[in-house]
Amino acid sequence: MGIIDIKGLVKRYNGTPAVNEVSMEIEQGEVFALLGPNGAGKTTTIKAMLGLLTPTAGAISIGGYDLEGQGKMARRQVGYLPEKVAFYDNLTGRQTMAFYAELRDADVSQGEALLDMVGLGGDMDKKVGAYSKGMVQRLGLAQAMIGDPPILVLDEPTSGLDPRGSWQIRQKIKKLNEQGTTIFISSHILSEVQAVSHRVAILHHGDLMALDTLDNLSERLDLQPVLKIQVREPSGEMAEQVRQVDGVSNVRLAGNTIEVRCTTEAKPHIVNALEAAGGDIVDFTTEEPSLEEVFLRFTED
Amino acid sequence: MDGRAVYSIAKKEFLDNWRNKWIIAMAAIFLVLTLVISYAGASLGGGSGWQDVGGTIAGMMTIVTFLIPIIGLMLGYSAIVGEKESGSLQLLLSYPVHRYEILLGKFFGLSSVLAFASLIGFGVSGVVIGLNVSGMQWGQYGVFIGASFLIGFAYIALSLCFSAVLQKRSTALGVSVLLWFLFAVIWDTILLVALVATENIDLSPGAEFVAPTWYHVAALANPSTAYQTLVAVNIGPVSANIAGDLPSFYSTPVTLIVLLAWTIVPLLAAYIVFRKKDI
C-alpha cells in the first residue's frame with residue numbers, strides 16, 4: 001500500500017461522473033504527477049483526496065489513515081497548495097503563518113523562517129491584502145511546508161510566478177523530495193512535470209488513461225528517442241551501416257544530418273557503426289520522447 | 001475536540017474582523033447612540049436615583065434591539081460562504097481540523113468581536129450613568145449587558161448558519177436581511193393580523209388588551225422580544241415601561257431558553273449541513 005491510496009474513486013454530480021473508477025497508489029518518496037486536459041477530473045480527484053468533497057464511491061487513505069473515518073489524522077500528514085490559493089486580507093504574512101502553524105501544531109518561529117525562505121522576509125508584517133499575485137503564491141508554498149508534512153499536494157504550483165520563481169519552486173520540489181517528502185503535483189506545464197516527476201497519471205473525461213513512468217509509457221506507445229547526428233560528408237553507405245544496428249527502427253538522411261529512430265540501448269552502437277563507416281561526427285543531439293507526445297496520445301478524443 | 005484548534009480559529013476570526021471597517025463603524029455608532037441616551041437620561045432627565053434610570057435603560061435597550069442584531073448578522077453572514085468564495089476555506093479544510101471545530105471557533109471569535117465592540121458603548125455609558133446617578137446598581141447593569149450579549153450571539157448563530165448552508169454570499173446576506181426584517185419589523189404586525197383574523201379582539205384605544213395564550217407564546221418566540229422581556233422582568237424600573245400585564249410565563253428562565261435555543265439550534269443545523277457539504 002502506498003502512502004496515498006485511492007481505490008475506485010467515483011464522484012458524480014447530478015448523475016454525470018466527474019471521476020469514474022479511478023485508482024492510484026502513490027509510493028512514499030516519489031514525485032507523482034497528475035495530468036489531464038481541463039475538465040478531466042484532476043481538481044475533483046485532489047479535492048476528494050483532501051476530504052473537501054465526499055466521494056460517490058471509493059475509499060481513500062493517507063499514510064494508513066482512512067480519510068472518511070480518520071480525516072484529521074490523515075490530513076495531518078499533508079501540506080496543500082491549492083490552485084488559486086487565497087488568504088485573509090486583513091492579516092499580515094507573519095500572522096497568517098502563525099495561524100496555520102498553530103493548526104498543524106508547528107512552531108510559530110518556523111513560520112517566520114519559511115517566509116524568509118520563500119523571499120517574503122521583508123514583507124511579513126504587511127497585510128496579505130497588499131501582496132502581489134506572486135507573493136501570495138509564495139506564501140502558499142510556505143504555508144504548505146509548515147510543520148514539515150511528509151506529503152505535499154501541489155495544484156499548479158508555478159502559476160502566477162515569473163520564470164525565476166518557477167525555477168525556484170522546481171528546485172525546492174527537488175530538494176524536498178531528496179529529503180524524503182512525497183510530492184503529488186498537478187500541472188499543465190508538461191516540460192516542468194517531465195523534469196521532476198517519477199511517475200505520471202493521465203486523466204481524460206474522468207477516466208484514468210495511463211499511470212506509469214514516462215519511459216514505460218513511451219515504450220507502450222512505441223515512442224522512441226530520435227538521434228540527430230550531423231556528419232561532415234554523409235553517405236548512403238553510412239546510413240546503411242547505421243540501419244544494420246540492433247534496435248534501430250528508422251534512418252533518414254536530411255541534408256548533412258542523419259536522423260535515427262532507435263532504442264536507448266542502441267545509441268552507443270550507432271556512434272560506433274557511423275565511425276566505422278568513416279563518418280566524421282560534427283554534432284550529436286538526442287530528442288527523447290516528450291511527455292507532451294505521451295499526453296496527446298492518451299487524451300485523443 | 002481539540003480546544004487549541006477552536007481557539008486558533010477564534011483568534012484569527014477576532015483579528016480578521018476587528019479590523020473590518022464596517023464593524024468599526026457600527027461600534028462607533030453604537031457608542032455615540034448609547035452615550036447620547038445615557039447622558040440625556042441620566043444627567044439631564046429628572047431624578048437621580050437608580051429607580052429613575054429605567055427610562056435611560058429602556059432607551060439603551062431600544063438601541064440594542066435595533067443595532068446589535070445588525071452587527072451580529074453582518075459578522076456572521078460571510079464567515080463561511082465568504083471564505084468559500086475567496087478560496088481560503090478550501091485551504092482551511094485541508095488542515096487537520098474538524099468542520100465542527102471551524103464552526104465553533106468562528107462562533108466564539110465573532111461573539112468576542114461583538115462583545116468587545118458593544119462593551120465600548122456600554123462601558124462609556126456606564127461611566128456617564130454612574131457619575132450622575134446615586135445608588136447605581138451595577139449588578140442590574142451587568143444583567144442588562146449580559147442579556148444584550150445573548151441577543152447578539154443568537155443573531156451571530158443564525159447568520160453563521162446561513163453562511164454554512166447557503167451557496168452564495170449574496171444569498172446569505174439577503175436571507176440575513178430578510179430575517180432581521182422579519183423579527184425587528186413585521187413579526188408583531190403579523191401576529192396582530194392573525195389575532196384579529198381568528199379571535200374577537202377589541203383593539204380600540206382604551207379597551208383592555210386581552211390576548212389568548214398562543215399569541216403571547218408566538219410573540220415571545222421572537223428572539224428580540226425575548227431579549228426585551230428578559231431585561232424588563234429583571235431590571236425593576238424598566239418593567240413599568242412595557243405596556244400591559246405580562247403573562248406569568250414571561251420570566252427569566254423562559255426567555256433565557258428562547259435566546260439559547262435561537263443560538264444552539266442554528267449552530268446544530270449548520271453543523272449537520274456543513275459536515276457533509278462539498279466545497
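The values are calculated or read from the model by the stated rules, or taken from the named source; none is laboratory data. What you see is a predicted model, and the numbers here were worked out from it, not measured in a lab. Glycine gets a Cβ as well: all are built from the backbone with ideal geometry, and neighbour counts include every protein chain shown. Heads up: the accessible areas ignore ligands, DNA and RNA and are worked out on the full protein's heavy atoms, side chains in. Shrake-Rupley method; radii C 1.70, N 1.55, O 1.52, S 1.80 Å.
Miscellaneous remarks
- All conditions in (1) under 11 Å from the mean Cα position of the chain (by Cα); (2) crowded, with 22+ Cβ neighbours inside 10 Å; (3) aromatic (F, W, Y) hold for B:F162, with the sole exception of (1).
- Helices (runs of 4 or more DSSP H) contained in the stretch A:40-103 and holding at least 3 residues open to solvent by less than 20 Å² (accessible area, probe 1.4 Å): A:42-50, A:93-103
- Test for A:M209: is it touching a strand residue (DSSP E or B) at 6+ places or on another chain (Cβ under 8 Å) and modelled with pLDDT of 90 or more: yes
- Subset of the stretch A:149-188 [open to solvent by 70 Å² or more (accessible area, probe 1.4 Å) and either touching a Ser or Thr at 6+ places or on another chain (Cβ under 8 Å) or aliphatic (A, V, I, L, M) (or both)]: none
- Filter result for A:L115 (surrounded by 15 or more Cβ atoms within 10 Å (Cβ to Cβ), within 19 Å of A:L154 (Cα to Cα), among the hydrophobic types (A, V, I, L, M, F, W, C) and modelled with pLDDT of 95 or more): yes
- Residues of the stretch A:191-236 classified as small (G, A, S) and within 15 Å of A:T299 (Cβ to Cβ), total: 3
Residue-wise test of (1) more than 14 Å from chain B (Cβ to nearest Cβ); (2) over 24 Å from B:A79 (Cβ atoms).
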residue: A:N14; (1), (2): no, yes
residue: A:E25; (1), (2): yes, yes
residue: A:E68; (1), (2): no, yes
residue: A:R75; (1), (2): no, no
residue: A:N90; (1), (2): no, no
residue: A:G93; (1), (2): no, no
residue: A:A98; (1), (2): no, no
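- Scope the stretch A:216-239; condition open to solvent by 80 Å² or more (accessible area, probe 1.4 Å) and either among the hydrophobic types (A, V, I, L, M, F, W, C) or more than 17 Å from A:F284 (Cβ to Cβ) (or both); matching residues: A:E219, A:R220, A:D222, A:E237
- Residue within the stretch B:49-59 that is open to solvent by 30 Å² or more (accessible area, probe 1.4 Å) and of a type in the set (D, E) present: yes
- Test: residue in the stretch A:115-125 that is in contact with a Gly (Cβ under 9 Å, 6 or more places away or on another chain) and within 13 Å of chain B (Cβ to nearest Cβ): no
- Among the numbered conditions (1) closer than 26 Å to B:F108 by Cβ; (2) in a helix (DSSP H, G or I), the only one that B:Q167 does not meet is (2).
- Filtering the stretch A:249-301 to residues that are in a helix (DSSP H, G or I) and of a type in the set (D, E) leaves A:E265, A:E275, A:E292, A:E293.
- Condition check for A:D105: at pLDDT below 95 and within 14 Å of chain B (Cβ to nearest Cβ): yes
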